[in-house]
Amino acid sequence: MTGDQDPAFRDRIRKNAVIKADSACNTYNQHFLAANFYRWLNRFLDTVLFTASLLLVSQAVWTAWPRWTTIVLPLGMAVITGYRRAAKPDNRAERFRKSAKQHHALFDDYRDFLMVTLPSNRVTDAEIEETSEELSERRKELNLECPDASSLWYYWIKYVRGEEKLQEQISTTPEMREAIVGRSTDPSQEPLD
């Protein structure tokens, strides 16, 4: 190790970067789940509208359904159409997918930083600090711009899939943190040349 490298400084940077990489990993997982939820919600609503339209047409042509369906089906279709116009699940799915991809790219950059840059003896502490600050600033900006995943998707995960699935989606084990850096987070490991 050269004279301009402080092991305690690099250890603090490593711990901070692992926490932020873990956060980016959780965020991109949540946003991919949210994007998929809204995509499937949109498809489900399309199917319901198609089925209701088919039933309405069959009722008008064959008068095989009770008369009240002539009112209920168009009313239901209007409600679903109104919800789709207001909520725009297809646009939400795209925003979440874009955010998930950006968070995934940030996670990859954190992982490269943790696995390649930080352990290298060729990189000075000043360069390490600068890279860490750049990644942190990027993370802050990304979190300010990203869509909020705590609405309908959150309740679907929590109440339909269960509290354990929610905790499974948002928590990270020490093993996962080790996998983020590609090895143990133990600072006593020898740095790369």
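When you check W65 against the structure, is it farther than 30 Å from K98 by Cα and either outside any helix (DSSP H, G or I) or modelled with pLDDT of 85 or more (or both), yes or no? Before the answer, list the steps.
Details: farther than 30 Å from K98 by Cα: yes; either outside any helix (DSSP H, G or I) or modelled with pLDDT of 85 or more (or both): yes.
Yes.
Can we say N42 is assigned to a helix (DSSP H, G or I), among the polar types (S, T, N, Q), in contact (Cβ under 8 Å) with a residue 24 or more places away in the chain and over 23 Å from N143 (Cβ atoms)?
Numbers: assigned to a helix (DSSP H, G or I): yes; among the polar types (S, T, N, Q): yes; in contact (Cβ under 8 Å) with a residue 24 or more places away in the chain: yes; over 23 Å from N143 (Cβ atoms): yes.
Answer is yes for this residue.
Scanning the stretch 101-125 for residues that are open to solvent by less than 50 Å² (accessible area, probe 1.4 Å) and within 20 Å of A179 (Cα to Cα) returns H103, A105, L106, F107, Y110, F113, L114, T117, L118, P119, S120.
Quick one: how many residues across the stretch 39-58 are surrounded by fewer than 18 Cβ atoms within 10 Å (Cβ to Cβ) and at pLDDT 85 or above? So the answer is 12. Please tell me if R161 is farther than 27 Å from R43 by Cα, surrounded by fewer than 18 Cβ atoms within 10 Å (Cβ to Cβ) and modelled with pLDDT under 90. Considered against the rule, which asks whether it is farther than 27 Å from R43 by Cα, surrounded by fewer than 18 Cβ atoms within 10 Å (Cβ to Cβ) and modelled with pLDDT under 90, R161 comes out as no.
Within the stretch 69-84, residues that are more than 18 Å from N42 (Cβ to Cβ) have Cβ atoms under 6 Å from residues that are in a helix (DSSP H, G or I) and open to solvent by 40 Å² or more (accessible area, probe 1.4 Å) in these pairs: L73/L55; L73/L56, counting only partners at least 6 apart in sequence or on another chain. Can we say N36 is more than 30 Å from V123 (Cβ to Cβ), within 23 Å of the chain's Cα centre (by Cα) and either of a type outside the set (A, V, I, L, M, F, W, C) or modelled with pLDDT of 85 or more (or both)? So N36 passes the test.
Taking the conditions (1) assigned to a loop (DSSP other than H, G, I, E, B); (2) more than 30 Å from Y38 (Cα to Cα); (3) among the charged types (D, E, K, R); (4) modelled with pLDDT of 75 or more in turn, R183 satisfies each one other than (4). In the set I80, I128, I71, only one residue is open to solvent by less than 30 Å² (accessible area, probe 1.4 Å), β-branched (V, I, T) and in a helix (DSSP H, G or I); that residue is I128. Screening the candidates D90, D11, D22 for the property of being over 29 Å from S132 (Cα atoms), assigned to a helix (DSSP H, G or I) and open to solvent by less than 80 Å² (accessible area, probe 1.4 Å) yields one hit, D90.
Close contacts from the stretch 101-121, counting a first residue that is farther than 9 Å from A24 by Cβ and a second that is of a type in the set (K, R) and part of a loop (DSSP other than H, G, I, E, B), with Cβ to Cβ under 6 Å and a gap of 6+ residues or different chains, come to none at all.
The values are calculated or read from the model by the stated rules, or taken from the named source; none is laboratory data. Everything numeric here is computed off the predicted structure, so don't read it as measured data. All Cβ positions, glycine included, derive from the backbone under ideal geometry; neighbour counts span all protein chains shown. SASA here: full protein model, heavy atoms, side chains in, ligands and nucleic acids out. Shrake-Rupley method; radii C 1.70, N 1.55, O 1.52, S 1.80 Å.
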